[in-house]
Amino acid sequence: MTTTPSAARTAGAAMPDGSPRTHYLNATYGLKSWLLTRDHKRIALLYLVSISVFFALGGLMAVLIRMELATPEGDLFQPDIYNRLFTMHGVLMIFFFLIPGIPAVLGNFLIPLMIGARDLAFPRINLLSWYLYSIGGLFTLWALLHGGVDTGWTFYTPLSTNYVNTSVITVGVGIFIAGFSSILTGLNFVVTIHRMRAPGLTWFRLPLFVWGAYATSLIQILGTPVIAIAILLVAAERTLHIGIFDPKLGGDPILFQHLFWFYSHPAVYIMILPSMGVVSELVATFSRKPIFGYKFVAFASIGIAVLGFFVWGHHMFVSGQSIYAGVIFSVLSMLVAVPSAIKVFNWTATLYKGSISWDTPMLYALGFIGLFTIGGLTGVMLATLGIDAHVHDTYFIIAHFHYIMVGGAIMGYLGGLHFWWPKITGRMYPLFWSKLSAIVIFIGFNVTFFPQFILGYLGMPRRYHSYPPEFQVLNVMSSAGATVLGLGYLMPLVYFIWSIRYGPKAPSNPWGATGLEWQTTSPPPVENFLTQPIVTAPPYTYPAPKRAPEVTRGV
Amino acid sequence: MPAHVQPVRVYFGVFAALMAFTALTVFASFVNLGHANTFVALGIAAAKATLVILYFMHVKGNTKLVPVVILSGLFFLLLLFLFLAADYGTRGWLGVPGR
Ligand code: HEM
Ligand SMILES: [Cu+2]
């Protein structure tokens, strides 16, 4: 993407007289300037810190789960504690890390920069989203301290309505509140993308990350109200016994699964679509080629968002749903794999004959492509009625969705964080350690989760704290891999924090990338661009000018 | 959007219509129409919702995008009902309990 020469000229690192430049980080100081900010960039950082806290907590639960599963006996935790552990792990990771994660951190930071706008359309609502998210999170943490929940993150009835006596309602309310944060973020993004694009930035000149964020926002707006209602109904059923889900009172427990998955299947695309957007950016930048089949990739995002609403019944093949509905859902689920496959093929075609550089973000992106493909293909296997009857509720499912959510979504998130970190903080991180982290995470991930495919196929059910001894070897492998994976995640934490103070200063465009966000300084000024950028070309117009020779790409 | 503010008259007119529909709902609930009961009740409710959306929520006379947004919301609601019907409508066709 090109801008007017005047916009390009403003992209220097310091003022001509050498005085420190003011940018969004040093424009104002103090806690209040952060907690009351309306700057999308600062709100992105607020989110970054808070979702990292939830990621760490969720990770801690995962550590405890893997410790318990290192031996066949249930020797570390009582079953009821174990149930709480995996439930809280799922709730924290899904509702408080993955769903808000990339949209709220990278989306918040990047969308206005990528479309050449000063901020999001509704800056105050943006801040409100963060507060709602935080309040929802605090509710959930409070519940955690007061007994937790033990229903699984899926809250299936009648277990959640009639049988357990843990903090179902508190956690439900927490998720409910955080849901509004999600809706408002989606709304903000949609309006921003519709109305605030820079002159000349037509829809088909938008970076693919923006398309991904747009598709994600549609799901957030259309899907979230349904789970909000489903949660309210569970609370009402628990307290007032109104008979929505209880067959004794004329309800149907499977109705809950319908309502839950109507949101939660599309929600898995809330988690993956933004990462796909990140990967499109990374693949184009580090192959120095325009993305292959731009329009297909863009429409595939929208296609996934819409088709994602047609398939939820694949979670209910063996739960009492009519077999005919099962057949329909099975066929439709295989259809939704098509747009995902389009993306994978187009990324691969972009790589083909590209001049590929193995920078850290690219390593993460390549990891994403491989792991997402495995996760997606096993999804298609699961969409087959006959296979699913065999492996439903086994570790095969666990492996499937971790390949997508950890191997895919989190890889993409970390890739994006490494890519835009110089823009966000104005600092570079250590090249060696960051590449090592990508490799350690990739290896740790596979050692953790690949054995779970085998375990599941052999019949080890999910959500039990003990298992027959013949499964121990694979479980020990998995626990060992999880240790490596955990160390891998700690590395970026350490060097990112280190880089804020000690990292070498980043130039405006360290990767020689196209895209408006690289045309402004690092970190960007409060108003993002000193002059209104004007767009005259499609995105990814590589081969772009060579990387600036003075560029430091790490230490 | 401020571009298409309606005269106050219209708002009162709509309000009166909503009240009339409410009265109708109450009235209809005393008449047993058999299977039509639900349809009549839902029909009246839908008419009321339409009025609210068109006038109070300023969808009428606004840019084209606004109806598109509303209709897509309704479309996804329809999807929900459609697939629920696909399940509930075909349960028991096999004659095997639980299938
Ligand atoms: C490529 C298309 C996909 C297909 C066809 C597919 C198919 C399936 C099926 C059939 C199940 C149910 C298995 C069972 O419980 O017996 C399932 C579970 C799951 N999938 Fe996928 N999937 C796909 C993509 C994804 C993506 C992109 C994500 C996440 C980002 C995801 C996350 C999950 C989760 C979280 C579960 C398990 C939920 C639970 O029961 O706790 N899937 N998938
Ligand atoms: Cu699904």
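Structural remarks
- Formal net charge of residues neighbouring A:His314 (Cβ-Cβ distance under 14 Å; K, R +1; D, E -1): -3
- Helical segments meeting 18 Å axial Cα length and Kyte-Doolittle 0.0 threshold in chain A (DSSP H): A:40-68, A:79-93, A:123-145, A:168-195, A:208-240, A:253-287, A:294-307, A:323-351, A:360-382, A:411-425, A:431-458, A:472-502
- Selected from B:Tyr11, B:Tyr55, B:Tyr88 as most flexible by GNM, with chain B as the system and alpha-carbon contacts under 10 Å: B:Tyr88
- In terms of overall dimensions, region A:169-307 has a Cα radius of gyration and Dmax of 18.9, 63 angstrom.
- Footprinting exposure proxy ranking of A:Lys41, A:Lys505, fewest other C-beta atoms within 10 angstrom first, gives A:Lys505, A:Lys41.
- Put in order of Cβ neighbour count within 10 Å, fewest first, the listed residues B:Lys60, A:Lys289 become B:Lys60, A:Lys289.
- Length-normalised contact order of region B:1-60 in % [C-alpha pairs under 8 Å, at least 6 apart]: 46
- Partner lysines whose Cα lies under 28 Å from the Cα of A:Lys505, excluding those fewer than 8 positions away in the same chain, are identified as A:Lys32, A:Lys41, A:Lys289, A:Lys423, A:Lys435, A:Lys546.
- Of interest is the spacing of the C-alpha centroids, which for region A:276-328 and region B:39-65 amounts to 33 Å.
- Axis of helix B:65-88 versus longest Cα principal axis of chain B: the two differ by about 20°, to the nearest ten degrees.
- One Cα centroid belongs to region A:143-206, the other to region A:76-139; the line between them spans 8 Å.
- Euclidean distance between Cα centres, region A:36-57 to region A:231-264, Å: 34
- Residues of type aspartates and glutamates that A:Lys343 reaches as a straight line, Cα spacing below 17 Å, ignoring anything fewer than 8 places off in the same chain: A:Glu281
- In terms of other Cβ atoms within 10 Å, A:Phe256, A:Phe310, B:Phe15, A:Phe368 run from fewest to most in the order B:Phe15, A:Phe310, A:Phe256, A:Phe368.
- Kirkwood Rh, Cα atoms: Rg over Rh of chain B: 1.14
- Degrees between helix B:36-51 axis and first principal axis of chain B (Cα, 0 to 90, nearest 10): 30
- Fraction of the pair-distance distribution of region A:426-555 above 21 Å, Cα-Cα pairs, percent: 62
- Local electrostatic count at A:Ala198 - Lys and Arg +1, Asp and Glu -1, tallied over other residues with Cβ under 11 Å: +3
- In chain A, the alpha-carbon atoms span a convex hull of 140 Å³ per residue.
Where a number appears in this text, it was derived from the coordinates with a stated rule and is not lab data. Since the model is a prediction, treat every value here as computed from it, not as a measurement. Glycine gets a Cβ as well: all are built from the backbone with ideal geometry, and neighbour counts include every protein chain shown.
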